Amino acid sequence: MSSPAAAPANHDVMKKLVALCKNRGFVFQSSEIYGGLKSAYDYGPLGAELKRNLMSEWWRDMVTTRENVVGIDASIIMRPEVWRASGHAAGFADPLVDCQVSKERFRADKAPRPTVPGPLSLTCTDKGQAKTYAEIIEKNFGIALERDGNVLSGLVALSATEFGFVPKGETAPTKTWPWRGYVSPLIGCPFLTAEKQFNLMFRTPLGAVDPMQDVAEVTAKLTAEPDLAAAITAHFGKAAAADTTLGKAIASGDRAKMLRAVAEQVTASAMVYLRPETAQAMFVQFKNVMNSMSLKPPFGIAQMGKSFRNEVTVEHFIFRSCEFEQMEMEFFCEPGTQGQWMDFWKEARMAWWHRYANYPQKFKFRPHEKDELAHYADQCFDVEYEYPWGWGELEGIASRTDHDLHAHMEASGEDLRFIDTENADPKTGAKPWRYLPYVIEPAAGATRGVLCFLLDAYHEETRLDHEGKPTTRTVLKLHPRLAPIKAAVLPLVKKDGLPEKAREIIEALLKAGVSAKYDEKNSIGKRYAKHDEIGTPYCITVDYDSLQDGQVTLRDRDTTEQVRIPIAQAVQQIRERLER
RNA sequence: GCGGGUGUAGCUCAAUGGUAGAGCGCCUGCUUCCCAAGCAGGACACGAGGGUUCGAUUCCCUUCACCCGCUCCA
């Protein structure tokens, strides 16, 4: 597209874009009239078109125009086993704890565990912080720790389950608290909140009867017993054996933990998860897809759709939200060929982003460092975009090895290997070769794609009005195929038969399947400006000459230049421009 | 979740312990022959809940949401 090389360096661009999105019907905040819902957004009429266009372009490029890629559209809810096998259920259900003094939040399983018995000294970053924290502790826990520079001392680990305060000069603790054996990583503080499960996944009971009723009834019954642990063991039997979650909770002696485990146990059979990524369905249905479509590696399965994650922090408008949309493809190939396919898809994917961008220099690859790689990947590249707040991820292209298929084969007991009858197993030399394909996964954020192309398209140009005063023209230089409205049809004035002529043109456009809008309100300049702001690439204007010579002007959004074309060619001309 | 900031019309902003005003936009009519023209009318707001007060948009508390920083990811 024709544009200057340098992107506008406007630090308010996010603010302005968010305002434009609301004003012009691209993106609204969810449930706005009720005060809004955190990190949830609704796509308005133009935003819905834009997102749809973007996703259609992806599907066309990744599925429709490729012989070796097929698409699926899987259910968002799947058996919980899927998420256990994929590692999402365990890997993201880490217990989180807050330090009651420093407010730091950390993972309990990774926290430091001081030797017992022994002193527990709090090391602050500086003297000022030490003073503040000492005051907090005095106020909340009623003890005055001894302060020496940035170190607070006086707390002592007494046993694996108890710590206390031993004032200077004393030998016995004057006050004690129960303890879980670890302290906060930053300052080494034992005053902590209870462990809370932070789960990545959205959980919902599947079924007409709400299992909370069962939870309430069982809890009421169990807590009426004098010995909770014994009551649980009696009620659940084998399900409360020592190696189960329930059994471990009983062993801990913590009532809250036990009741939590009871609730989990009672609801377990009804609970399902909303998928945190679309990828797993493509692994789980790998065999069905391969067999029904008579495919053999190398081939890909693609899918677009919503995924759900409880993010620790949501931020930057639609950049990170709990409900988001993905465009993912799992490309299954022979082990050993993953490197070359990685190169292939890297290039293909970057070319795709560049195709719609005004500023290709704002896209780049960022290779993952070894220690940054997910456990399932042997290589990973992020496609990053330079957002106003810095570089951020847009797509991840991961070499996932055979990790996922392997995990699902093991968990389900289903043989997911491909049987290659033509080639011998390179290890044994025997035919057929049974192997689990390796996977290259280009996983793009559709929601992020919408944001990045809106940012890429957002332009402000200063020009002089008819009086010579500078005015700002806001233009969304969206790629014509992404633009929500392709053409506006405008009578120069709304009289003398011009509207009627314009109506004929818009009807022809709509009939041809081109998204177009008729507009006769306000002056012609205002209508141009309005359509520039929503990214309409072409305006067709009917003037008095049109009635005589059968021609109209076709105005280009980016250059504002006009050419005169016959009305009879209008539809065809617009369609041709969209195919470029 | 924690710290800091913000919340007044569709948008951008103002004023005020005594019941809110402008610009732009929007709607109606007239006018208007190509890049946010003019005239005349019109509609629309104190994020929500509670407290103090004779009276709160203003002061206090709570809550919700957003923005900027700490963690994670498509």
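The values are calculated or read from the model by the stated rules, or taken from the named source; none is laboratory data. Given the structure is predicted, the values throughout are model-derived calculations rather than measurements. As a convention, Cβ positions derive from the backbone with ideal geometry for all residues, glycine included, and neighbour counts pool all protein chains shown. Areas reflect the complete protein model, heavy atoms only, side chains present, ligands, DNA and RNA absent. Shrake-Rupley method; radii C 1.70, N 1.55, O 1.52, S 1.80 Å.
Below are the figures for this structure:
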read-out: In the stretch A:214-246, the residues that are in a helix (DSSP H, G or I), under 18 Å from A:Ala268 (Cβ atoms) and open to solvent by less than 60 Å² (accessible area, probe 1.4 Å); value: A:Val215, A:Ala216, A:Val218, A:Thr219, A:Leu222, A:Ile232, A:Phe236, A:Gly237, A:Ala239, A:Ala240, A:Leu246
read-out: Residue count, the stretch A:93-136 (criterion: in contact with a helix residue (DSSP H, G or I) (Cβ under 9 Å, 6 or more places away or on another chain), over 22 Å from A:Ala160 (Cβ atoms) and within 14 Å of RNA strand B (Cβ to nearest atom)); value: 1
read-out: Enumeration of residues in the stretch A:368-390 that are assigned to a loop (DSSP other than H, G, I, E, B) and among the small types (Gly, Ala, Ser); value: A:Ala374, A:Ala377
read-out: Residue identified as within 14 Å of RNA strand B (Cβ to nearest atom) and either among the hydrophobic types (A, V, I, L, M, F, W, C) or open to solvent by 10 Å² or more (accessible area, probe 1.4 Å) (or both) among A:Ala424, A:Ala407, A:Ala443, A:Ala430; value: A:Ala443
read-out: Pairs, first closer than 22 Å to A:Asp61 by Cβ in the stretch A:355-373, second open to solvent by 60 Å² or more (accessible area, probe 1.4 Å) and modelled with pLDDT under 95, C-beta under 6 Å, six or more apart; value: A:Asn358/A:Met1; A:Lys362/A:Glu386
read-out: A:Ala411 farther than 30 Å from A:Leu476 by Cα and more than 23 Å from the chain's Cα centre (by Cα); value: yes
read-out: Sole residue being over 28 Å from A:Glu334 (Cα atoms) and touching a residue at least 40 places away in the same chain (Cβ under 8 Å), chosen from A:Tyr438, A:Tyr385, A:Tyr376; value: A:Tyr385
read-out: The stretch A:482-531, residues that are among the charged types (D, E, K, R) and either crowded, with 23+ Cβ neighbours inside 10 Å or more than 10 Å from RNA strand B (Cβ to nearest atom) (or both); value: A:Lys486, A:Glu500, A:Lys501, A:Arg503, A:Glu504, A:Glu507, A:Lys511, A:Lys517
read-out: Residue list for the stretch A:25-52, restricted to those being near RNA strand B (Cβ under 9 Å from one of its atoms) and either in a helix (DSSP H, G or I) or surrounded by 13 or more Cβ atoms within 10 Å (Cβ to Cβ) (or both); value: A:Gln29, A:Ser30, A:Glu32, A:Ile33, A:Tyr34, A:Gly36, A:Leu37, A:Ser39, A:Ala40, A:Tyr41
read-out: Test: residue in the stretch A:135-146 that is open to solvent by less than 50 Å² (accessible area, probe 1.4 Å), at pLDDT 80 or above, in a helix (DSSP H, G or I) and of a type in the set (A, V, I, L, M); value: yes
read-out: Only listed residue being within 16 Å of RNA strand B (Cβ to nearest atom) and at pLDDT 95 or above, chosen from A:Ala348, A:Ala357; value: A:Ala348
read-out: Failed criterion for A:Thr474 (all others in (1) over 17 Å from A:Leu578 (Cα atoms); (2) in a helix (DSSP H, G or I) hold); value: (2)
read-out: The one condition in (1) farther than 17 Å from A:Ser102 by Cα; (2) buried (at least 21 other Cβ atoms within 10 Å of the Cβ); (3) free of Cβ contacts under 8 Å to residues at least 40 places away in the same chain that A:Phe163 fails to fulfil; value: (3)
read-out: Verdict on A:Lys196 being closer than 30 Å to A:Pro80 by Cα and surrounded by fewer than 20 Cβ atoms within 10 Å (Cβ to Cβ); value: yes
